[in-house]
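Q: Take a look at the following structure, please.
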Amino acid sequence: MSYVTGNTIRTLRIKHGITQKELAEKLNVSDKTISKWETEKGLPDISIVEELAKALHVSLTELFTGDLKTNENVSGNIKRIQFYVCPICGNIITAVGEGNFSCCGITLLKQEAETAEEEHSLFVETVDNEFSIVMKHSMSKGHYVSFIAYVTSGSVEIVKLYPEQDISIRFRKKGHGFLYGYCNRHGLFKKYIGFYFL
């Protein structure tokens, strides 16, 4: 019988931009415990495996086998969305896949999303049947977040933001996916919304 391997835990943790400490906090164990699992000096107890799968955003089967399933259907998966943002007027163009777009007389570049950290942390709570998103970020005229988007495999919802506005948004839950935000100084960032939020 196959069991969870340290390599699978480490690969998934890194893939989702989760530190050993963050994973440890989600599972209520120490980061040394996570390190032991990943270096195969110990195994997660069966009682914690379901929580581990949720924290790593995979099914139990994928966690046990290490056979990670991804949807390679480019045209059918909106999670592959690309964002193009005009640096002059702030126009937002989205495309499933890549394209050539221009605005205000300039060719726009595809935005590369980084994992949301520190200043760009998105705080997500489930309230009734909605995701409540709050962000502690500057919203001055020179430094602000211009939009937040909620992307699932079947839908995209974008909320436009403006300087001097609080970042407090609600999206109706439609399944797991990604939250994207765009800072006018630092660019695009994202956060995975997994099963543990649902």
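The values are calculated or read from the model by the stated rules, or taken from the named source; none is laboratory data. Predicted model only: the values in this text are computed from it and were never measured. Positions of Cβ are generated from backbone atoms using ideal geometry, with glycine treated the same way; all protein chains shown enter the neighbour counts. The area values use the complete protein model at the heavy-atom level, side chains included, leaving out ligands, DNA and RNA. Shrake-Rupley method; radii C 1.70, N 1.55, O 1.52, S 1.80 Å.
Q: Does GLU62 count as of a type outside the set (S, T, N, Q), free of Cβ contacts under 8 Å to residues at least 24 places away in the same chain and closer than 30 Å to THR5 by Cα? Don't jump to the end; show me each part of the working.
A: Numbers: of a type outside the set (S, T, N, Q): yes; free of Cβ contacts under 8 Å to residues at least 24 places away in the same chain: yes; closer than 30 Å to THR5 by Cα: yes.
Yes; evaluated as a whole, the condition is true for this residue.
Q: Also: Name the residues in the range 174-189 that are open to solvent by 10 Å² or more (accessible area, probe 1.4 Å) and either in the same structural domain as ALA53 (by the TED database) or more than 25 Å from ARG13 (Cβ to Cβ) (or both), would you?
A: Across the range 174-189, the qualifying residues are LYS174, TYR182, ASN184, ARG185.
Q: Give all pairs with beta carbons closer than 6 Å in which a residue from the range 115-130 that is of a type in the set (D, E, K, R) meets a residue that is surrounded by fewer than 12 Cβ atoms within 10 Å (Cβ to Cβ); count only pairs at least 6 apart in sequence or on separate chains.
A: Cβ pairs passing all conditions: GLU130/ARG172.
Q: Can I ask one more? Of the residues that make up the range 13-25, is at least one of a type outside the set (Val, Ile, Thr) and over 30 Å from TYR182 (Cβ atoms)? Explain how you work it out, then say what you get.
A: Our first condition is that a residue be of a type outside the set (Val, Ile, Thr); within the range 13-25, this holds for 13, 15-17, 20-25.
Among the residues that remain, those that are also over 30 Å from TYR182 (Cβ atoms) are: 24.
Yes, the conditions are met somewhere in the range 13-25.
Q: Show me the strands (runs of 3 or more DSSP E) found entirely inside the range 90-160 where at least 3 residues are under 17 Å from GLY181 (Cα atoms), in the same structural domain as TYR180 (by the TED database) and open to solvent by less than 70 Å² (accessible area, probe 1.4 Å).
A: Details: elements: 92-96, 122-127, 130-135, 145-152, 156-160.
It comes to 92-96, 130-135, 145-152, 156-160.
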